[in-house]
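The values are calculated or read from the model by the stated rules, or taken from the named source; none is laboratory data. These figures come from a predicted structure and were not determined experimentally. A quick note on method: Cβ atoms are made from the backbone with ideal geometry, for glycine too, and the neighbour counts reach across all protein chains shown. Quick note on the areas: whole protein, heavy atoms, side chains included, nothing else; ligands and nucleic acids left out. Shrake-Rupley method; radii C 1.70, N 1.55, O 1.52, S 1.80 Å.
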Amino acid sequence: MPTITSSDGIRLNYVESGDPEGRPVVLIAGFKAAATSWHYQVKALERAGYRVIAFDRRGHGLSQAGSAEAGHTMERHGADIGELVDGLELVEATLVGQSLGGNAIWALLGSTGSRRVRDVVIVDQTPKMLNSDDWPHGFYDYDEANADTLFATGIPDPGRFPLKTKGLVRIARVLRAMELPKGGKPTFSEAELALLNDHARRDWRPAIAAATVPAFFVAGAESEFWPSAHAAASADLNPLASSTVIEHDGHAANIEQPARFNDELLAFLAR
């Protein structure tokens, strides 16, 4: 597998396919997800003539994690995306981020701007997980009362749209695309918990408002983690942004309803 080495010495894996002369589309997966989770998008993008790059963020997939004490902040994950884009000398790249991968894109753009970036797609990720009077689109039941404890040991289950409501086809797609442990609940390393807690307390609305490239927010109507209204509310922050909600779709919006998601993604890319 091809790799790059980050500025702090971490080996980062990526998978490249499609037309090497095509416009680049960089796929950035969410928390605990690997580049392989974009299984259903890669072929569709290849057929459309794009250069497809699926990226394993540090500590995910085949990329190194580094120590638990360093490098597990949203800024560092955003910088890694920037170093991938620079290292591959991409021009006019579309950055597609699912879940935490989406907010890692805002960490990049908020720090260095949109150099080399044509546009951005955010897949079922609210820019602010902590609910407040001015942002009721965060993680269900997460507010200042439990801000320091809710994510202490992992990702809590808010009890919305449980797995059994998805049906066998959607469940099978998630199991196929994700590298899920067999039996029992997933475990979390110290580094993963550090990243999760940093992610949970951040507010990327200013980065969205300041963005100078188009953004497309995609929400699953049946997201397990937050109300789908976050997509339209996020798009309202910037006149260059737009949004859509995919029905009968959950947090893994690109996996549970891949055909509809791919149609939306390809339509946005063609603008």
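Descriptive notes on the structure:
- For the residues Glu83, Glu75, the requirement of being part of a helix (DSSP H, G or I) and either within 15 Å of the chain's Cα centre (by Cα) or without any contact (Cβ under 8 Å) to a residue 40 or more places away in the chain (or both) singles out Glu75.
- Residue match in the range 39-50 (condition: at pLDDT 95 or above, closer than 16 Å to Phe188 by Cβ and open to solvent by less than 20 Å² (accessible area, probe 1.4 Å)): no
- In the range 231-243, the qualifying residues are those that are touching a residue at least 12 places away in the same chain (Cβ under 8 Å) and out of contact with any strand residue (DSSP E or B) (no Cβ under 6 Å at 6 or more places or on another chain), and the one that is nearest to Val25 (Cα to Cα) is Leu240.
- Residues of the range 57-97 that are polar (S, T, N, Q) and surrounded by fewer than 23 Cβ atoms within 10 Å (Cβ to Cβ): Gln64, Ser67, Thr73.
- The residue list Gly22, Gly9, Gly30 contains one member that is surrounded by 18 or more Cβ atoms within 10 Å (Cβ to Cβ) and part of a loop (DSSP other than H, G, I, E, B), which is Gly30.
- Meets criteria (surrounded by 16 or more Cβ atoms within 10 Å (Cβ to Cβ), at pLDDT 95 or above and not hydroxyl-bearing (Ser, Thr, Tyr)) for Arg260: yes
- Among the residues of the range 144-153, those identified as under 21 Å from Met74 (Cα atoms) and surrounded by fewer than 13 Cβ atoms within 10 Å (Cβ to Cβ) are Glu144, Asp148, Thr149, Ala152, Thr153.
- Any hit, the range 117-140, residues being in a loop (DSSP other than H, G, I, E, B), modelled with pLDDT under 95, among the aliphatic types (A, V, I, L, M) and surrounded by 17 or more Cβ atoms within 10 Å (Cβ to Cβ): no
- Counted residues, the range 88-112 - those being closer than 18 Å to Pro24 by Cβ and in contact (Cβ under 8 Å) with a residue 12 or more places away in the chain: 17
- Selection within the range 93-116 - under 15 Å from the mean Cα position of the chain (by Cα) and part of a helix (DSSP H, G or I): Leu100, Gly101, Gly102, Asn103, Ala104, Ile105, Trp106, Ala107, Leu108, Leu109
- Whenever a residue of the range 17-28 is on the phi > 0 side of the Ramachandran plot, its partners that are assigned to a loop (DSSP other than H, G, I, E, B) and buried (at least 18 other Cβ atoms within 10 Å of the Cβ), lying with C-beta atoms within less than 7 angstrom and at least six residues away or across chains, give the pairs Gly18/Tyr50.
- Once the range 154-186 is narrowed to residues that are among the hydrophobic types (A, V, I, L, M, F, W, C) and modelled with pLDDT under 70, the residue that is surrounded by the most Cβ atoms within 10 Å (Cβ to Cβ) is Ala177.
- The range 35-50 residues that are farther than 17 Å from Gly102 by Cβ, paired with ones that are open to solvent by 30 Å² or more (accessible area, probe 1.4 Å) and in a helix (DSSP H, G or I) (beta carbon under 6 Å, 6 or more apart): Ala48/Leu266
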